[in-house]
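The values are calculated or read from the model by the stated rules, or taken from the named source; none is laboratory data. Model, not experiment: these values are computed from the prediction. Every residue, glycine as well, gets a Cβ built from its backbone with ideal geometry; the counts of neighbours run over all protein chains shown. The area values use the complete protein model at the heavy-atom level, side chains included, leaving out ligands, DNA and RNA. Shrake-Rupley method; radii C 1.70, N 1.55, O 1.52, S 1.80 Å.
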Amino acid sequence: MMDAGRHRGIKLLTYSEVESVSGYVGNFTVRVRKHARSVREDICTGCGMCQEKCPTKVIDSVYEAGMGRRKAIYRPFGQAVPNIPVIDRDNCLYFTKGRCKVCQKVCPIGAIDYEQQDEFVDLNVGAIVIATGLALWDPTKLPQYSYGLSPNILTGIQFERLTSASGPTSGKILTAEGRQPKDVAILHCVGSRDEHAHTYCSRICCMYSLKHAHQVRDKTGANVYDFHMDVRAFGKAYDEYYQRVQEEGVTFVRGRGAEVQVLPSGRLRVKAEDTDLGRPLTVEVDMVILATAVEAQPDASKIASLFGVGRTADGFFAEAHPKLRPVETNTAGVFLAGSCQAPRDVLDTVAHASAAAMEVVRLFNRGKVIVSPTVARINAEDCVGCGDCIPVCPYSAISRGSDGKAVINPTLCQGCGTCVAACPANAIDALHFTNEELVAQVDGLLAAAL
Amino acid sequence: MSSAAEGTAFEPRIIAFLCNWCSYAGADGAGIARLESPACVLPVRVMCSGRVSPEMVLRAFRSGADGVLILACHIGDCHYNSGNHRTVKRVPLLRNLLSYVGINPERLGLDFVSSAEATRFAQVTTEFAEKIRSLGPLSQEVGEASAGG
């Protein structure tokens, strides 16, 4: 991240959002809204004094996954790039109650600016890579896991905070009561491979659950029960890791964790079926870690329509071809990187992102854009200039020429032919799918089927 | 009825306009999976269901089709974002026109099949073929209408 922040060829726009996109491959205009941070980026040195003195503490539901607090003026996490804080205006005392201004008083260079407004930046770019990542599925949607009923039922990301040296317990694995757990259950496929939630495999959970099992064994020596349908250790050296964790004494139970109950004593009871033995199984534990599903970002549909990108049935962005064009989209010049396209672990994300970067380099190196010959063509003699084709085009590829007649930009046209069907004067034809060709097909098929 | 009574079961001819990205791929998938779908459904590939002009549908009926089925992407899944929205708006208007000229509007079908829905493709085409089979030949219907009116 630091390298990207320092790179001469990379301009980072953080705390920013894309407002609109127009143009086409090689010539996009992207309007970006830079949200007001209330801190002047040009002079802030990132000393952190404001953060230290800010009196308002807020539960950090993003980086700390609800297990820690941050201030109302904060950086998202320690290594955030750029190293410049932002004021959370919904919680800041000055913005909510009109008093405080402590950060302004302590800032040694006067970088705090409460009056800052959102700014707009227009970028002219040749290609776009979407890398918006994934979201975590909310386990309260399936009540059998009792998530939220006990502080000792954690999601995988919460356990990550618990075991992290910078987390709320400085890396000690402790229950909410502050004790080391004696028994821990890990449940795979919570919300994944489940027709009541997501039917797909979230791909990353098996491996991080193995890591969690290892960490619990290593740090606490507790008994670990790992409930799974199967362990998908698919990558290089992954299965070896699985074997190592087995040798560390983790109890692997082949059977999905069916239910978690909170007992009056505060202990947790996990019910499952041990499919190897063919009988139900119950264990009592002090801590449950749910390997929750990953899913598309909640604003994926907004992003999809902004950039003209499709989505697959699972909600992730659609690649141009599932095997042969995994980083391209159906909009020329727009590429996908990482888990916005499908659930991915770090290794796969790096490979996918490198591929996306190479696709952009390849596009730019060529210096020319290869367009499909399957485009619509206007017969200017027949065009009456009614303009009916202009609003139906999903790519805004049609405009009016100086003579008032329709003109198609073949770079933008993707050849769907919607304008052909809309043209009342029959003045448009879709190359490779002309009226003549389709009529010949229809007539030929019907004649042959007699 | 009459053709069945004559001993040769009526086998309709149905033109199915399949969009390149969803339903055509779904049909392909049905073939790969060796699913059974009716042979009387004759596929014509178009880039988008939005390409299917009313003239093309009418042309198919004029050339002897007993039914026309348009299979589009599911709403929200259109490769071209909004092509299938146009189709969804066009089809009811076209059905009105069909009944005006004496063709049972049921003979024009619109359904949605994604590229992953091979089973659904087989099911939708089978059901549509069954419906057209029960409606009988178009020539008979148009004949009746003109005889009656």
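Numbers for the structure displayed
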{"item": "Rounded, prolate or oblate (a/c below 1.5 giving rounded, otherwise prolate when a/b exceeds b/c) for the range B:69-149 by Cα gyration tensor", "result": "oblate"}
{"item": "Whether chain B is rounded, prolate or oblate, judged on the alpha carbon gyration tensor where a/c under 1.5 counts as rounded", "result": "oblate"}
{"item": "Sequence-distant residues sharing a close amide H with A:Val129 (under 5 Å, placed H)", "result": "A:Phe335"}
{"item": "Residue-averaged [θ]222 nm for chain A, counting only DSSP H segments that reach four residues, each worth -39500 (n - 2.57)", "result": "-6500 deg cm²/dmol"}
{"item": "Whole-angstrom gap from the range A:391-440 to the range A:361-378, using each part's C-alpha centre", "result": "18"}
{"item": "Convex hull of the range A:56-151 built on C-alpha atoms - directionally averaged projected area, nm²", "result": "10.2"}
{"item": "A:Arg31 versus A:Lys211: modelled label distance in nm, points set 7 Å from Cα along the beta carbon direction", "result": "4.1"}
{"item": "R0 of 60 Å, Cβ-Cβ distance A:Arg377-A:Lys182: FRET efficiency to nearest 0.05", "result": "0.20"}
{"item": "Förster radius 25 Å - calculated FRET efficiency between A:Leu431 and A:Ala355, Cβ distance, rounded to 0.05", "result": "0.20"}
{"item": "Cross-link reach list, lysines versus A:Lys236, counting only Cα pairs under 28 Å and skipping chain neighbours closer than eight places", "result": "A:Lys211, A:Lys219, A:Lys323"}
{"item": "Value of relative contact order over the range A:87-239, rounded to a whole percent, pairs C-alpha under 8 Å and six or more apart", "result": "15"}
{"item": "Dimensionless Rg over Rh [the protein assembly as shown; C-alpha; Kirkwood]", "result": "1.06"}
{"item": "Residue-normalised accessible area of the protein assembly as shown, expressed per residue, 1.4 Å probe, Å²", "result": "50"}
{"item": "Per-residue HN-Hα couplings for the range A:295-301 [Karplus 6.51, -1.76, 1.60; θ = phi - 60°; Hz; x = Gly/Pro]", "result": "8, 5, 4, x, 9, 4, 6"}
{"item": "Nearest-ten-degree value, helix A:238-247 long axis tilted from longest Cα axis of chain A", "result": "20"}
{"item": "Angle in degrees between helix A:205-220 and the longest Cα principal axis of chain A, rounded to the nearest 10", "result": "20"}
{"item": "Where a label projected 7 Å from the Cα of A:Asp138 along Cα→Cβ would reach, residues of the range A:199-230 with amide N under 19 Å", "result": "A:199"}
{"item": "Principal-axis tilt of helix B:83-100 within chain B, Cα atoms, nearest 10 degrees", "result": "10"}
{"item": "Stretch gain in nm, segment A:Ala447-A:Lys57, where the contour uses 0.36 nm per residue and the Cα spacing is subtracted", "result": "132.7 nm"}
{"item": "Chain-alone versus full-assembly comparison, the range B:42-73, residues with accessible loss of at least 30 Å² (1.4 Å probe)", "result": "B:Leu42, B:Val44, B:Arg45, B:Met47, B:Arg51, B:Glu55, B:Met56, B:Arg59, B:Ser63"}
{"item": "Of A:Lys182/A:Lys271; A:Lys172/A:Lys271; A:Lys141/A:Lys182; A:Lys71/A:Lys97, pairs whose Cα-Cα distance is over 22 Å", "result": "A:Lys172/A:Lys271; A:Lys141/A:Lys182"}
{"item": "Chain A: relative contact order in percent, alpha carbon pairs under 8 Å with at least 6 residues between", "result": "13"}
{"item": "The range A:305-381 shape via C-alpha gyration tensor axes, a/c threshold 1.5", "result": "oblate"}
